[in-house]
Amino acid sequence: MAGFVATDHIATITFLGFVPRREGAEIEAEAVPEMALTLAGFDREFHGGLTRPSCSRVANIHPKGTEIRNSRQLSILSEEEIAEIAGEMGLPRLDPLWLGASVVLRGIPDFSHVPPASRLLSDSGVTIVVDVENGPCTYPAKTLDAVHPGHGKAFKPAAKGRRGVTASIERGGTLRVGDELRLFVPVQRVWLG
């Protein structure tokens with residue numbers, strides 16, 4: 001029996017980008033029309049690599065700086081949720097560049113809450129593993145404040161539950177803007193713990 005179920009949800013890639021570096025407290029991506037991905041992610045991405053130093057998100061598990069497997073190679077957001085964040089912030093739009101986005105998708109409702117371990121599969125076989133919901137952090141807020149002075153502080157509350165997911169590559173290949181990804185979810189009941 002397969003461990004994943006294909007859903008009827010197919011998303012279209014509307015943006016691809018990478019964070020080439022992170023200097024100071026700001027984060028900003030550069031757009032690309034295609035992205036050659038390996039098991040280490042995208043080689044030009046600040047967050048790429050097979051491993052990474054642990055950060056504040058796993059501080060209760062690993063001391064900060066401990067080398068761990070990198071499940072945060074990509075930051076994937078929903079075009080629909082980005083529009084909701086912008087609306088709540090009182091802005092006409094949010095550019096994915098300002099959010100440090102790797103991939104922006106259109107077509108999967110409530111995307112930030114797809115189950116961890118879900119897979120996004122392209123027609124060419126590229127497979128992305130969803131790790132967890134990406135909590136809204138202050139780095140995009142500082143970038144947004146530089147672009148829209150006074151609006152940065154509104155980002156974190158507006159982005160809560162809408163910041164997308166972190167993910168890693170299970171099977172490499174090339175993704176392009178306009179490609180479609182089918183959502184596969186794990187076969188398991190909701191945890192009752």
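The values are calculated or read from the model by the stated rules, or taken from the named source; none is laboratory data. None of the values given here were measured: they were computed from a predicted structure. Cβ atoms come from the backbone with ideal geometry, glycine included; neighbour counts cover every protein chain shown.
Note on segment 96-111: residues that are buried (at least 19 other Cβ atoms within 10 Å of the Cβ) and either in contact with a Gly (Cβ under 6 Å, 6 or more places away or on another chain) or not aliphatic (A, V, I, L, M) (or both) amount to 6. In segment 118-145, the residues that are among the acidic types (Asp, Glu) reach residues that are assigned to a helix (DSSP H, G or I) with C-beta atoms within less than 6 angstrom, at least six apart or across chains, in these pairs: Glu133/Ser112; Asp145/Gly152.
Can you name the residue in segment 163-178 that is in a loop (DSSP other than H, G, I, E, B) and buried (at least 19 other Cβ atoms within 10 Å of the Cβ) and, of all such residues, is nearest to the chain's Cα centre (by Cα)? Talk me through it step by step, then tell me what you get.
Just the residues of segment 163-178 that are in a loop (DSSP other than H, G, I, E, B), to begin with: 163-164, 172, 177-178.
After this cut, where a residue has to be buried (at least 19 other Cβ atoms within 10 Å of the Cβ) as well, the list is 163-164.
On the way: Arg163: 8, Gly164: 5 Å.
So the residue we want is Gly164.
Go through the residues of segment 83-101 one by one and say whether even a single one is in contact with a helix residue (DSSP H, G or I) (Cβ under 9 Å, 6 or more places away or on another chain), in a strand (DSSP E or B) and in contact (Cβ under 8 Å) with a residue 24 or more places away in the chain.
To start, the set of residues in segment 83-101 that are in contact with a helix residue (DSSP H, G or I) (Cβ under 9 Å, 6 or more places away or on another chain) comprises 84-101.
Those still in the list that are in a strand (DSSP E or B) too: none.
Within segment 83-101, not a single residue is in contact with a helix residue (DSSP H, G or I) (Cβ under 9 Å, 6 or more places away or on another chain), in a strand (DSSP E or B) and in contact (Cβ under 8 Å) with a residue 24 or more places away in the chain.
All told, Pro53 falls short of being out of contact with any helix residue (DSSP H, G or I) (no Cβ under 9 Å at 6 or more places or on another chain) and at pLDDT 95 or above. Among the conditions (1) over 15 Å from the mean Cα position of the chain (by Cα); (2) surrounded by fewer than 16 Cβ atoms within 10 Å (Cβ to Cβ), Val126 misses just one, which is (2).
Among the residues of segment 146-162, write down those that are out of contact with any Asp or Glu (no Cβ under 7 Å at 6 or more places or on another chain), within 24 Å of Leu74 (Cβ to Cβ) and not in a helix (DSSP H, G or I).
Within segment 146-162, Lys160, Gly161 qualify.
When Ser75 is tested against (1) in contact (Cβ under 8 Å) with a residue 24 or more places away in the chain; (2) farther than 17 Å from Glu30 by Cα, only condition (2) is not met.
Taken over segment 46-81, residues that are surrounded by fewer than 22 Cβ atoms within 10 Å (Cβ to Cβ), under 15 Å from the mean Cα position of the chain (by Cα) and assigned to a loop (DSSP other than H, G, I, E, B) amount to 4.
Of the candidates Val190, Val114, the single residue that is touching a strand residue (DSSP E or B) at 6+ places or on another chain (Cβ under 7 Å) and closer than 26 Å to Val5 by Cα is Val114. Considering Pro115, Pro136, the condition of being at pLDDT 95 or above and either surrounded by 22 or more Cβ atoms within 10 Å (Cβ to Cβ) or not charged (D, E, K, R) (or both) is satisfied by Pro115 alone. The residues of segment 24-58 that are free of Cβ contacts under 8 Å to residues at least 60 places away in the same chain and of a type in the set (Lys, Arg), listed by number, are Arg44, Arg52.
Could you check, for segment 22-31, whether at least one of its residues is at pLDDT 95 or above and not basic (Lys, Arg)? Give the steps one after another, and end with the answer.
Let us first name the residues in segment 22-31 that are at pLDDT 95 or above, namely 31.
Then drop every residue that is not not basic (Lys, Arg), which leaves 31.
Yes, that holds for at least one residue.
For segment 121-128, the count of residues that are touching a Pro at 6+ places or on another chain (Cβ under 9 Å), part of a strand (DSSP E or B) and either basic (Lys, Arg) or under 23 Å from Glu34 (Cβ atoms) (or both) is zero.
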